[in-house]
1. Quick check on the stretch 15-114: take the gyration tensor over C-alpha atoms, sort the square-rooted eigenvalues as a ≥ b ≥ c, and tell me if it's rounded (a/c under 1.5), prolate or oblate.
2. When the helices in the chain are scored as -39500 (n - 2.57) per DSSP H run of 4 or longer and the sum is shared across all residues, what 222 nm value do you end up with, to the nearest 500 deg cm²/dmol?
3. At a 10 angstrom cut-off on C-beta neighbours, averaged per residue, how do the peptides 255-267, 14-26, 223-235 rank from highest to lowest?
4. Assuming R0 = 45 Å, can you tell me the calculated FRET efficiency for the pair residue 208 and residue 60, based on Cβ-Cβ distance, to the nearest 0.05?
5. What is the helix-to-structure angle for 134-153, meaning the angle in degrees between its Cα long axis and the longest Cα principal axis of the chain, kept from 0 to 90 and rounded to the nearest 10?
6. Using alpha carbons only, how many degrees (0 to 90, rounded to 10) separate the axis of helix 71-88 from the longest principal axis of the chain?
7. Once you keep just the Cα pairs under 8 angstrom separated by 6 or more residues, what percentage relative contact order results for the chain?
8. Mind telling me which of 170, 87, 108 comes out most flexible in a GNM of the chain, alpha-carbon contacts under 10 Å?
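Since every read-out is calculated from the coordinates, none of them should be taken as a lab result. Everything quoted here is computed from the prediction, not taken from an experiment. Every residue, glycine as well, gets a Cβ built from its backbone with ideal geometry; the counts of neighbours run over all protein chains shown.
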């Protein structure tokens, strides 16, 4: 693949089907997200498939230029992106971003999602560093796991769980965002793209083969995200941990502020061995919802280890 290129976003006022582009919200290596308005002046977020290593939009022409050497990879990625939109459009859950529409245009593909008002968990961590209480964490992540269970129930994995992909509505209700790394991999033999992973939040198996990924992979991302809330920063990247870089254990980092019960859960989720992590989102959610976590609770590790299901 060629080095990443700087892609030019669609301009303000550009008409995309029945939507009017207002401005760019975010730009990543895989896509551009816009704020737009439909014909009823309802705000929506539109995600455009535009991998910067494969395609370039540099002038006024809205259709990106794709070199012939990258055409096969670009088309395969667009097909996955489009099918992903089709699957996510069937999801209807308060803790998962709603996909309202998906279509092809300008030689690429688009997902139209509900526009959520609030801020990302990453922004929340930056604003409240060192002041995020345990009750907030338990309640928020227990709700978020409702959405993740719905995703897994539709044979999808998220594969990019991190504070920047969790949105907190103005009422503090969490919403799973950005399924750009999600793939229909549970029980599927379809061709698969190599996942794009975020160091610190990606499980070690994501550096190896997507065939090894499963619900336990997203559970690693959940653990890393809670760790970031507790420590104020992401854990070391999993590939560096495998090479010997130590992970400061949550039971030590958060010992003076959080219950041992919560900290043990985090450390268990961050095990390098996938089989040593909780195998079930439901089991993890049940532990986070315990009301007696301040008292010594025996058996948390044995309850979480090896439990199956979603």
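1. Since a/c reaches 1.5 but b/c is at least a/b, the shape of the stretch 15-114 is classed as oblate.
2. Working: 9 runs with 94 residues, N = 310.
The helix contribution divided over the chain gives -9000 deg cm²/dmol.
3. For the peptides 255-267, 14-26, 223-235, the packing ranking is 223-235, 255-267, 14-26.
4. 0.60
5. Between the helix axis and the principal axis of the chain, the angle is about 60 degrees.
6. 60 degrees
7. The value is 12 percent.
8. Largest GNM mean-square fluctuation: 170.
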